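Worksheet for the structure shown next.
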Amino acid sequence: MIICGVELTGSDAVVCLLNMDRGQFNLPDCKVRKLSLPKNHSREDLLKFQAAFADLMAEYGVGGIAIKERMQKGKFAGGAVSFKMEAAIQLIDNDELSVSLVPPAQIKSTLASNPLPVDFAETGLKAFQEAAFITAYVAQLNSSKGA
C-alpha cells in the first residue's frame, strides 16, 4: 500500500509517497512535492486545497495518509492554517483512504528500533521533504506490523 507522509508547515502541506512491497521500500515518482493554501484564504481556497489533495491521492493510488502531528500549544505549536489543512485532509470523502496522525514520540521510538534503511540524502528527495518521508516510513512500519 502506498502511504503519503505529510508535514504541515505554515500554509504548506509537504508530501512524500512511500510504498512497501514484500519488505522493500520504494519511492513512487510524484510530480507534486507540496500543496499550498494562500495566506489570506477563503472557504473556496480551502475546498480547492482539499480537492487537489484528494485528486493527488487518487492519481497515485494512495491508501493511507500519515500526518506528522503538531503540538496544539507551546513554543512549537502548529499555526491555525496548518490545523485547517489537517481538517481538510481528514475530511476527504473517500472510504478507501485512511488518515492518521503520527505523534513525534512514536516517530522517535520507531526510528530508535528501526533506523532508516537508507541515508536520506540518497533518496533523491528534496531536503524539505525529510519530515514527510520519515512520517511515511514510520506509518508504513506500523501498518505492516498491524497486518
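FYI, it's all coordinate maths here, none of it is from the lab. These numbers come from a predicted model, not from an experiment. All Cβ positions, even for glycine, are placed from backbone atoms using ideal geometry, and neighbour counts span all protein chains on display.
Annotation: amide H of VAL102 within the under-5 Å range of ILE67, LYS68, GLU69, sequence separation 5 or more or interchain, hydrogens built in the peptide plane. Under a Gaussian network description of the chain, with springs only between Cα atoms under 10 Å, the residue in LYS31, LYS68, LYS84 that fluctuates furthest is LYS31. Select from ALA131, ALA13, ALA105 the residue whose mean-square fluctuation is largest in a Gaussian network model of the chain (Cα-Cα springs shorter than 10 Å). Of the options given, ALA105 has the highest mean-square fluctuation. Note down the relative contact order for the chain as a percent, whole number, built from C-alpha pairs under 8 angstrom at least six residues apart. Reported relative contact order: 34 percent.
Ordering ARG43, ARG70 by the number of other Cβ atoms within 10 Å of each residue's own Cβ, fewest first, gives ARG43, ARG70.
Arranged by the count of other C-beta atoms within 10 angstrom, fewest first, what order do LEU46, LEU91 take?
LEU91, LEU46
Using only Cα positions of the chain, each an equal point scatterer, no hydration layer, compute I(q)/I(0) via Debye at q = 0.11 Å⁻¹ and quote the log10 values to two decimals. Result of the Debye calculation: -0.39. Rounded to the nearest 10 degrees, the angle from helix 80-90 to the longest Cα principal axis of the chain is 70 degrees. Within the listed set SER98, SER82, SER109, the Gaussian network model of the chain (springs between alpha-carbon atoms below 10 Å) gives the highest mean-square fluctuation for SER109. A straight Cα-to-Cα reach below 24 Å connects LYS48 with the lysines LYS31, LYS34, LYS39, LYS68, LYS84, residues fewer than 8 places away in its own chain not being considered. Helix 104-113 and the longest principal axis of the C-alpha atoms of the chain enclose an angle of approximately 10°.
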